[in-house]
Amino acid sequence: TSTYSLAVVAGDGIGPEVTDQALKVLDVVAQGSGLTFDRTAYDLGARRWHATGETLPDTVLEEIRGHDAILLGAVGDPSVPSGVLERGLLLRLRFELDHYVNLRPSKLFPGVPTPLADPGEIDFVVVREGTEGPYVGNGGAIRVGTPHEVATEVSLNTAFGVERVVRDAFARAQARPRRKLTLVHKNNVLVHAGHLWSRTVEAVGAEFPDVTVDYLHVDAATIFLATDPGRFDVIVTDNLFGDILTDLAAAITGGIGLAASGNVNPDRTSPSMFEPVHGSAPDIAGQSKADPTAAILSAGLLLEHLGHAAEAQRITAAVEADIAARDGQPRSTQEVGEAIAERVATEVPVA
Ligand code: NAD
Ligand code: IPM
Ligand code: MN
């Protein structure tokens, strides 16, 4: 048996609602597998900010750092100025814990409604850079609120940062049957960063001769995601492009309620963090309407990261079975979580 310490940051809006269901499913998997998750819940997010002004105190960050993995719900609330929690809590965790691989798999499960008329087989993974790009906060504004205001948000791209994520993406592509890597950028306009990315893919690619390499400008990539998503296997891209592409990827594979992600530190120098791709959804918060499937699948990615692929597969199989049985009747967040937990508990795992 293995015991893991798990930091839980449920966060805001629907975050706690979907995280409860993910933990419920994780507990059922653990029971049947001799795994133990010692959970510590962290009260971070809008409530704490209003009460204390804190987003992520250093002492709390250091405590979280001591865990084996992190499960996060969502952060952000309309009562808090936009960016305070997103930058001060979520991005701070990603940056401080060096989550340079933001892993976002997209798979169209059988029976899932998709807006695409002829979706074909969709099974790709976006390797989104997680610690650089326009997210670093390298910007500023002067003459704010005047007609002469000037605002910058400068994208940071380092050879070190690009190479490590590109190498990780190549390794993932090599381990998949189709062995195809698509770099998505905008090197026809963003020539400084874009050429660094292109040169890096070319150089690292020499070490992976069995991986086919492809390049798309990000605007064209959105066309193909909507018209021919089957062409994608592994996509590697920068932090902001990856953010946008993965909401679109979610939309074509059954919606944002199904999209899971991992903020991974492949070097294991700090705990990785698993969370749904979606946000705190203030428009449906507190109504038990949120689909917890993305959070549950994120717990599956967490298990896989900890080396428990068979247990992760039990979650995927239960979710697939639940999805196949969905008949369009609305179910509450709890009902969906309960149904998936039930399937994990009763279905014989496929070896
Ligand atoms: P959002 O993902 O929260 O919501 C977009 C739309 O998707 C909404 O209509 C929402 O109801 C719906 N939706 C989201 N998750 C759903 C689920 N599980 N089931 C059913 N419907 C779901 O994005 P937004 O509205 O742009 O952002 C809301 C807040 O969340 C903002 O504060 C934003 O900064 C934050 N945010 C946080 C994260 C995160 O914590 N990782 C991610 C995205 C946005
Ligand atoms: C996501 C979110 C975050 C991002 C925000 C809330 C900082 O949109 O996880 O996709 O842009 O990475
Ligand atoms: Mn996003």
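Some observations on this one:
- Among residues of the stretch 263-280, those that are within 11 Å of ligand 1 (Cβ to nearest atom) and surrounded by fewer than 22 Cβ atoms within 10 Å (Cβ to Cβ), counted: 1
- In the set (1) closer than 30 Å to PRO229 by Cβ; (2) among the acidic types (Asp, Glu); (3) without any contact (Cβ under 8 Å) to a residue 60 or more places away in the chain, the condition left unmet by GLU17 is number (3).
- ALA299 meets the stated requirement of being assigned to a helix (DSSP H, G or I), buried (at least 23 other Cβ atoms within 10 Å of the Cβ) and within 16 Å of ligand 1 (Cβ to nearest atom).
- Answer residue from the stretch 172-181, given it is touching a residue at least 12 places away in the same chain (Cβ under 8 Å) and either closer than 19 Å to ALA159 by Cα or among the aliphatic types (A, V, I, L, M) (or both) and is surrounded by the fewest Cβ atoms within 10 Å (Cβ to Cβ) among those: ALA173
- Considering residues of the stretch 86-106 that are out of contact with any strand residue (DSSP E or B) (no Cβ under 7 Å at 6 or more places or on another chain) and within 14 Å of ligand 3 (Cβ to nearest atom) only, the residue farthest from GLY161 (Cα to Cα): GLU86
- Condition met for ASP38 (buried (at least 16 other Cβ atoms within 10 Å of the Cβ) and either polar (S, T, N, Q) or touching a Ser or Thr at 6+ places or on another chain (Cβ under 8 Å) (or both)): no
- The set of residues from the stretch 226-256 being surrounded by fewer than 21 Cβ atoms within 10 Å (Cβ to Cβ) and either of a type outside the set (A, V, I, L, M) or at pLDDT below 95 (or both) comprises THR227, ASP228, GLY230, ARG231, ASP233, ASP243, ASP247, GLY255.
- Of all residues in the stretch 254-281, those that are away from ligand 3 (no atom under 15 Å from the Cβ) and part of a loop (DSSP other than H, G, I, E, B) total 8.
- Residue selection: ASP68 satisfies the criterion of being closer than 30 Å to ALA317 by Cβ, in contact with a strand residue (DSSP E or B) (Cβ under 6 Å, 6 or more places away or on another chain) and assigned by TED's automatic domain parsing to the domain that holds GLY11.
- If you go through the stretch 1-29 and pick out every residue that is of a type in the set (Gly, Ala, Ser) and surrounded by fewer than 19 Cβ atoms within 10 Å (Cβ to Cβ), you end up with 2.
- SER280 of a type outside the set (A, V, I, L, M, F, W, C), more than 19 Å from THR253 (Cα to Cα) and in contact (Cβ under 8 Å) with a residue 12 or more places away in the chain: yes
- Which listed residue is in contact with a Leu (Cβ under 8 Å, 6 or more places away or on another chain), modelled with pLDDT of 95 or more, closer than 30 Å to GLU63 by Cβ and not aromatic (Phe, Trp, Tyr), from ALA285, ALA294: ALA294
- Residue ID - nearest to ligand 1 (Cβ to nearest atom), chosen from residues in the stretch 51-76 that are farther than 17 Å from ASN102 by Cβ and of a type in the set (A, V, I, L, M): LEU56
- Checking each residue in the stretch 47-65 for being farther than 17 Å from GLY76 by Cα and of a type in the set (D, E, K, R) picks out ASP58, GLU62, GLU63, ARG65.
- Total residues in the stretch 99-144 satisfying the condition of being in contact with a Ser or Thr (Cβ under 6 Å, 6 or more places away or on another chain) and assigned to a loop (DSSP other than H, G, I, E, B): the figure is 3.
- Looking across GLY73, GLY83, GLY130, one residue alone is at positive phi, small (Gly, Ala, Ser), within 15 Å of ligand 3 (Cβ to nearest atom) and at pLDDT 95 or above. It is GLY83.
The values are calculated or read from the model by the stated rules, or taken from the named source; none is laboratory data. Treat the numbers as computed from the prediction; the structure is a model and nothing was measured. Using ideal geometry, Cβ is built from the backbone for each residue, glycine included, and neighbour counts are taken over all protein chains shown.
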